[in-house]
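**Student:** Handing you a structure now.
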Amino acid sequence: MRHMMMHMTFFWGKNTEVLFDKWPGRSTGMYVLALAVVFVLCFIVEWLSHSRLLKHRPENKVAVGMVQTGMHTVRMGVAYMAMLAVMSFNGGVFLAAVAGHAVGFMVFGSTVFGKETSENKTRDLPPMRC
């Protein structure tokens, strides 16, 4: 039985494991799919971080607070999945994660598409902090 070695430094190549045992395996197509999944995970984190989905009404504070808590939970879960993918130490996965965050920020957080820049007042969730 052959086992894959866990890398502790960055490496390049399609023979890696991302998030799940034996995934994506040795197939180039599955590796590209894994990169796309990581990209989408990071894009979703940026979307949730800059979303304006809730209507803030004073009479619905508890309901809005519960929805915000649910959205925060989903955002953190997706962010941790992306972090675990990057911990595969594969260079392609790292670049897919950075690209997903960059494109997501450009679409949802920057002024490229004419959005206003008022920070916390119009977003459903506060920005993520390290």
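**Student:** Do we find that Met87 is free of Cβ contacts under 8 Å to residues at least 24 places away in the same chain and more than 19 Å from Gly104 (Cβ to Cβ) in this structure?
**Tutor:** Values: free of Cβ contacts under 8 Å to residues at least 24 places away in the same chain: yes; more than 19 Å from Gly104 (Cβ to Cβ): yes.
For Met87, the condition - free of Cβ contacts under 8 Å to residues at least 24 places away in the same chain and more than 19 Å from Gly104 (Cβ to Cβ) - is met.
**Student:** Only one of Lys55, Lys14, Lys22 is over 20 Å from Val93 (Cβ atoms), basic (Lys, Arg) and in a loop (DSSP other than H, G, I, E, B); which?
**Tutor:** Exactly one residue qualifies, and that residue is Lys55.
**Student:** Given the criterion under 13 Å from Ala96 (Cβ atoms), free of Cβ contacts under 8 Å to residues at least 60 places away in the same chain and surrounded by 12 or more Cβ atoms within 10 Å (Cβ to Cβ), identify the matching residue among Leu33, Leu19. Steps first, please.
**Tutor:** Values: Leu19 fails: free of Cβ contacts under 8 Å to residues at least 60 places away in the same chain.
Going through Leu33, Leu19 in turn, the sole match is Leu33.
**Student:** Now a separate question. Restricting to segment 36-61, name every residue that is open to solvent by 80 Å² or more (accessible area, probe 1.4 Å) and among the charged types (D, E, K, R).
**Tutor:** Initially, segment 36-61 is screened for residues open to solvent by 80 Å² or more (accessible area, probe 1.4 Å), giving 47, 52-53, 55-59, 61.
Once the filter is applied, which keeps residues that are open to solvent by 80 Å² or more (accessible area, probe 1.4 Å) and among the charged types (D, E, K, R), segment 36-61 yields Arg52, Lys55, Arg57, Glu59, Lys61.
**Student:** If you don't mind, there's one more thing I want to ask. Kindly indicate the residue of segment 99-113 that is free of Cβ contacts under 8 Å to residues at least 40 places away in the same chain and part of a helix (DSSP H, G or I) and also nearest to Ser51 (Cα to Cα) among those meeting that condition. Break it down stepwise before answering.
**Tutor:** To start, the set of residues in segment 99-113 that are free of Cβ contacts under 8 Å to residues at least 40 places away in the same chain comprises 102, 106, 110-113.
With the extra rule that they be part of a helix (DSSP H, G or I), the set shrinks to 102, 106.
On the way: Ala102: 16, Met106: 13 Å.
Among those that are free of Cβ contacts under 8 Å to residues at least 40 places away in the same chain and part of a helix (DSSP H, G or I), it is Met106.
**Student:** For Gly13, which of the numbered conditions (1) open to solvent by less than 50 Å² (accessible area, probe 1.4 Å); (2) out of contact with any Phe, Trp or Tyr (no Cβ under 8 Å at 6 or more places or on another chain); (3) under 26 Å from Phe105 (Cα atoms) fails to hold?
**Tutor:** If we test Gly13 against (1) open to solvent by less than 50 Å² (accessible area, probe 1.4 Å); (2) out of contact with any Phe, Trp or Tyr (no Cβ under 8 Å at 6 or more places or on another chain); (3) under 26 Å from Phe105 (Cα atoms), just (3) comes out false.
The values are calculated or read from the model by the stated rules, or taken from the named source; none is laboratory data. From a predicted model like this one, the values you see are computed outputs, not experimental measurements. As a convention, Cβ positions derive from the backbone with ideal geometry for all residues, glycine included, and neighbour counts pool all protein chains shown. Calculation scope for accessible area: heavy atoms of the full protein, side chains included, ligands and nucleic acids excluded. Shrake-Rupley method; radii C 1.70, N 1.55, O 1.52, S 1.80 Å.
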